[in-house]
1. Charges on Cβ only, +1 for Lys and Arg, -1 for Asp and Glu, centred on the Cα centroid of the chain; of 223, 245, 126, which one is farthest towards the dipole's positive end?
2. Could you give the length gained on full extension between residue 126 and residue 234, defined as 0.36 nm per residue of separation minus the Cα-Cα distance, in nm?
3. Taking the convex hull of the alpha carbon atoms in the stretch 202-249, what volume per residue do you get, in Å³?
4. With +1 on each Lys and Arg Cβ and -1 on each Asp and Glu Cβ, and nothing else charged, work out how big the dipole of the stretch 4-198 is about its Cα centre, in Debye to the nearest 20.
5. Does the stretch 1-89 come out rounded, prolate or oblate by the C-alpha gyration tensor, with a ≥ b ≥ c the root eigenvalues, rounded set by a/c under 1.5 and, if not, prolate when a/b is larger than b/c and oblate if not?
6. Label 7 Å along Cα→Cβ of residue 70; the stretch 18-33 residues with amide nitrogen under 13 Å?
7. Between residue 242 and residue 78, what is 0.36 nm times their sequence separation minus the Cα-Cα distance? Round to one decimal in nm.
8. Which chymotrypsin sites (Phe, Trp or Tyr not before Pro) does the stretch 152-246 hold that lie in a coil by DSSP with at most 11 other beta carbons within 10 Å?
Amino acid sequence: MALSTLEINGDEHLAYITLNNPKRRNALSEALLMELDHHLRELSRLPEINVIIIRAQGPVFSSGHDLNEVLNGEAQEVHDLFKTCGNTMRAIREAPQVVIAEVSGIATAAGCQLVAAADLAVAGLSAQFATPGVKIGLFCSTPAVHVSRNLGRKKAAEMLFTGSFMSASDAEIHGLINRAVPDEELEQRTLELARTIAQYSHDTLATGKRMLQKQWQMADDEALDYATEVISLQSTHPDAREGITAFLSKRAPQWAGKTRASL
């Protein structure tokens, strides 16, 4: 049985990746990570897909790494496991699509990292988040990279040094997720967000995501110079020309290469 499944809805420019190993709490085993990486890189080649939603079967979004692989693996095997995880998180960053985590239940350790690595995240109010590695003598170093880039330093440090759970409401307040919604509305509210984004130009979304990722690593002046170059170049793109013309003409834009009605 596949540890994750892929569904593509080309009509709405959406794709779903579902973690599908609830008996193992959707642990990010090396096999599951490789499947997830494969799905993301396959979708990266599809210009008809604008948004990818990552969700999970069962009461746990993801419990993080399979600790049996960590405990029983040789040193090089464990290093390769964490390297595979890092590559999967990079695949999220490098995908031209906007990636949304739809979080139901618990997301801990590398599962919390997966939420933090996504571009956007929506969670049910019963969802909880933690980086509890400190409790088992294995500090959540790799999850810390993405978690600390979502939260403020003090809150990230508290989460990592205590291993305590953070509620969905607090996760929204502190920036780990975008929205905490009633559990029964999670799927619909995530879909509404995805549809809002998916209606736009694929190239515009891809350029915007790439620009955001790069400028976050720059000082302010460098970032502004870089953004100036990006927006100047993008202004000549057919979708920018069409979008501006459509706005001034008070009509819906028709993006290059395909006809897209507003979703």
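Read-outs: derived from the displayed coordinates by stated rules, not from any lab. Nothing here was measured: the structure is a model prediction, and the numbers come from that model. Glycine also receives a Cβ, built like all others from the backbone with ideal geometry; neighbour counts cover every protein chain displayed.
1. Looking along the dipole axis, the top candidate is 245.
2. Using 0.36 nm per residue and subtracting the Cα-Cα distance, I get 34.7 nm.
3. Spelled out: Cα convex hull of the stretch 202-249, divided by residues, is 70 Å³.
4. 640 debye
5. Oblate is the answer for the stretch 1-89, as a/c is 1.5 or above yet b/c matches or exceeds a/b.
6. Correct set: 27-30.
7. Extra length available between residue 242 and residue 78 comes to 54.0 nm.
8. In loop regions of the stretch 152-246 (DSSP not H, G, I, E or B), the sparsely surrounded chymotrypsin sites (Phe, Trp or Tyr not before Pro) are 216.
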